[in-house]
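What follows is a set of notes on a single structure, which appears directly below.
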Ligand SMILES: [Cu+2]
């Protein structure tokens, strides 16, 4: 998801062309690559993507999250996040809510996704011990996370076995029933249940394709009066949506 | 409780992520609307659900519950798939494309290679993607135009519509038959990697070229056109 390289449809691109003579798809990298889409759980309405590139004992996690609860006690919401390991490698369904309070707590989800293997912390400790350290958590409604760290053996084994699951925690209490709002966290009794309950969940699978960066430079411009681009209603809608994101970006820069 | 001070270090990266996500959503929505496949039948994933009942079968009183090891999930596969075999030729009757296929890897900067613009270039299969017909997102790239040949191999790609056929001949002398699910256009600087190159539950194919209004000043196209297709059948070449 590296966006720093601008992409152009110019002849200069031809300089980089090498015709390869086949070989396995991952010949160039050699190491393992995993990915998952992060889907809303407990009605969080958030979403995201995550990829894990493993090279030797080093793992690079690249994650994008949007639409989560934005504030907690008037401050940016600390969303603790982990790679859970060693169970079915699945995200729980509402059937996992065994106490029937309307919230799948972190504990109730464990038969599906297992215990914490790695804490996706913003700095320092990545072990399970850092699992509920709010000072090391992703913050706010939308964030990018990109970190390289030493992968422990248990998480590495779970990735290989296809049982690793990324879980992002932290719900907006306002979306919960009154009883659930008043309930205490199953992990940290000093926190409310909302603070540590799962908000996003995505099972990690080995990547089928080696994801390149950016778009594709496939135009030389000799027919510049225009190729036959069939205009798509939904494509136009997506472009409008992108315009909205650009506006958001400008606002953020202005705020920064 | 410790709540960290507000940080604003993420700036524009954050909104770029938001833009990528918006495209992913738009694309996914189209994909679902256009996929005519019936809901997938569930393979024995439900085996995990029945596992606890084994406990109640053991009638002998047991002080400790029998530990049932968790069953790892089985990723379900929708539709037909073929074993891996490299592609040699692509034929798209709807837009009169008939091209041999070259092989394309990645440039040193991590972007995908494209065919040479100095000669009449064929389309190319991205070797970092599955071979056409295997499970996953197989990727074939072609130029929309070039200074040497004018209209290039994928000049008419934006005309493709759901239901159109794409035939890919493979080294094992089979022809993989794909049907188009959807066609999308994305700005290159907000290209949705997960929608295009991300894992799929079927044998998928993506045809990619440049799109949008050519910029005479920068001599670039701002967008990419992506055709999404799924394997429906195969036959001998
Ligand atoms: Cu967790």
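With the requirement that a residue be within 13 Å of the ligand (Cβ to nearest atom) and without any contact (Cβ under 8 Å) to a residue 60 or more places away in the chain, what does segment A:109-126 give you? Hits for segment A:109-126 are A:110, A:112, A:114, A:115, A:116, A:117, A:118, A:119, A:120, A:121, A:126.
Checking the structure you have, find out if any residue of segment B:124-132 is within 26 Å of residue B:177 (Cβ to Cβ), more than 11 Å from chain A (Cβ to nearest Cβ) and assigned to a strand (DSSP E or B). Checked segment B:124-132: at least one residue is within 26 Å of residue B:177 (Cβ to Cβ), more than 11 Å from chain A (Cβ to nearest Cβ) and assigned to a strand (DSSP E or B). Residues of segment A:54-66 that are more than 16 Å from residue A:167 (Cβ to Cβ) and under 13 Å from the mean Cα position of the chain (by Cα): A:60, A:62, A:66.
Residues in segment A:95-108 that are more than 14 Å from the ligand (Cβ to nearest atom) and under 18 Å from residue A:172 (Cβ atoms): A:97, A:101, A:102, A:103. Residue by residue through segment B:90-108, note down the ones that are part of a loop (DSSP other than H, G, I, E, B) and over 18 Å from residue B:163 (Cα atoms). Passing the criteria: B:105, B:107, B:108. Would you be able to say whether some residue in segment B:131-145 is surrounded by fewer than 24 Cβ atoms within 10 Å (Cβ to Cβ) and either farther than 30 Å from residue A:90 by Cα or at pLDDT below 95 (or both)? No; the residues of segment B:131-145 include none that is surrounded by fewer than 24 Cβ atoms within 10 Å (Cβ to Cβ) and either farther than 30 Å from residue A:90 by Cα or at pLDDT below 95 (or both).
Can you find a residue that is in contact (Cβ under 8 Å) with a residue 40 or more places away in the chain, part of a helix (DSSP H, G or I) and within 30 Å of residue B:113 (Cα to Cα) anywhere in segment A:152-160? Within segment A:152-160 (the criterion being in contact (Cβ under 8 Å) with a residue 40 or more places away in the chain, part of a helix (DSSP H, G or I) and within 30 Å of residue B:113 (Cα to Cα)), the answer is yes, since at least one residue qualifies. In segment A:159-185, the qualifying residues are those that are within 11 Å of chain B (Cβ to nearest Cβ) and within 13 Å of the ligand (Cβ to nearest atom), and the one that is nearest to the chain's Cα centre (by Cα) is A:165. In segment A:61-85, the residue that is farthest from the ligand (Cβ to nearest atom) out of those that are closer than 18 Å to residue A:127 by Cβ and away from chain B (no Cβ under 13 Å) is A:61. Considering segment B:191-213, and only residues there that are surrounded by fewer than 24 Cβ atoms within 10 Å (Cβ to Cβ) and over 12 Å from the mean Cα position of the chain (by Cα), the residue that is farthest from residue B:133 (Cα to Cα) turns out to be B:213. Note on segment A:50-133: enclosed strands (runs of 3 or more DSSP E) holding 1 or more residues that are more than 30 Å from residue B:71 (Cβ to Cβ) are A:58-66. Answer with yes or no whether residue B:150 is surrounded by fewer than 18 Cβ atoms within 10 Å (Cβ to Cβ) and under 21 Å from residue B:211 (Cα atoms). Considered against the rule, which asks whether it is surrounded by fewer than 18 Cβ atoms within 10 Å (Cβ to Cβ) and under 21 Å from residue B:211 (Cα atoms), residue B:150 comes out as yes. Could you check, for segment A:186-193, whether at least one of its residues is facing chain B (nearest Cβ under 10 Å) and within 13 Å of the ligand (Cβ to nearest atom)? Within segment A:186-193, one or more residues are facing chain B (nearest Cβ under 10 Å) and within 13 Å of the ligand (Cβ to nearest atom). Among the residues of segment B:221-237, write down those that are within 11 Å of chain A (Cβ to nearest Cβ) and closer than 16 Å to residue B:204 by Cβ. Matches in segment B:221-237: B:226, B:227.
The values are calculated or read from the model by the stated rules, or taken from the named source; none is laboratory data. All values derive from a computational prediction rather than experimental measurement. Quick reminder, even Gly has a Cβ in these numbers, built from the backbone with ideal geometry, and neighbours come from all protein chains shown.
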